[in-house]
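Shown next, in structure tokens, is the structure this report addresses.
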Amino acid sequence: MKRLALTALALTLLAGTAAIAAPQHEDHRRNGRYEQGHTDNRRDDRREARDDRRDDRRAYRRWARGQRLDARYRDNRHHVSDYRRHGLRTPPRGYRWQRVDDRYLLTAVATGLIISVILANH
């Protein structure tokens, strides 16, 4: 008798757990009809637009004194060797001018620390 009661109790618990684990989802916009594999295109469009805005934010950065210049901008491609032609003063020893995002940045060669920021005039 005890074994029968325990078996019935175990089956009841398993059946209840299975019912909870697989809930039925209904989309109320479709009057209760559920379509398997349906995706909300508006949600996908919003996600893509949000990702595009993040990419735009990463592309532009506002450089300021005291920040550290990223390593990708410290190479010779961004180095300004003819600083006088651009109206810039001679950099002190250990510093050099870098042109990034239409700005001239006076940075430390060893650390990339930005000492001065000047807008580039075209």
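Only the coordinates and a few stated rules stand behind these numbers; no lab work does. Quantities reported herein were computed from a predicted structural model and do not represent experimental measurements. Positions of Cβ are generated from backbone atoms using ideal geometry, with glycine treated the same way; all protein chains shown enter the neighbour counts.
Give me Leu105, Leu11, Leu113, Leu119 ranked fewest to most by other Cβ atoms within 10 Å of their Cβ, as a rough exposure proxy.
Working: Leu105 24, Leu11 10, Leu113 15, Leu119 7.
Fewest to most other Cβ atoms nearby, the residues stand as Leu119, Leu11, Leu113, Leu105.
List, in order, the whole-Hz ³J(HN,Hα) value for each residue of the stretch 67-78 obtained from phi through the Karplus relation with A = 6.51, B = -1.76, C = 1.60 and θ = phi - 60°; use x for Gly and Pro.
Per residue, the Karplus-derived 3J(HN,Hα) values read 7, 9, 6, 4, 4, 5, 9, 8, 7, 6, 4, 9 Hz.
Treating only the Cβ of Lys, Arg, Asp and Glu as charged (+1, +1, -1, -1), what charge dipole size does the stretch 80-122 show about its Cα centre? Round to the nearest 20 debye.
On the way: 7 positive and 3 negative charges, 40 e Å.
With Lys and Arg at +1 and Asp and Glu at -1, about 200 debye.
Could you calculate the contour length gain from Thr12 to Arg93, that is, 0.36 nm times the residue separation minus the distance between their Cα atoms, to one decimal place in nm?
Working: separation 81, 0.36 × 81 = 29.16 nm, distance 8.14 nm.
This chain segment gains 21.0 nm when fully extended.
Principal axes first, then extents: for the Cα atoms of the stretch 71-119, list largest minus smallest coordinate on each axis, whole Å, largest first.
Computed over the stretch 71-119, the largest-to-smallest principal extents equal 25, 23, 17 Å.
Could you point to the residue in Tyr104, Ile118, Leu88 farthest towards the positive end of the stretch 71-119's charge dipole, with +1 and -1 charges on the Cβ of Lys/Arg and Asp/Glu respectively?
Leu88
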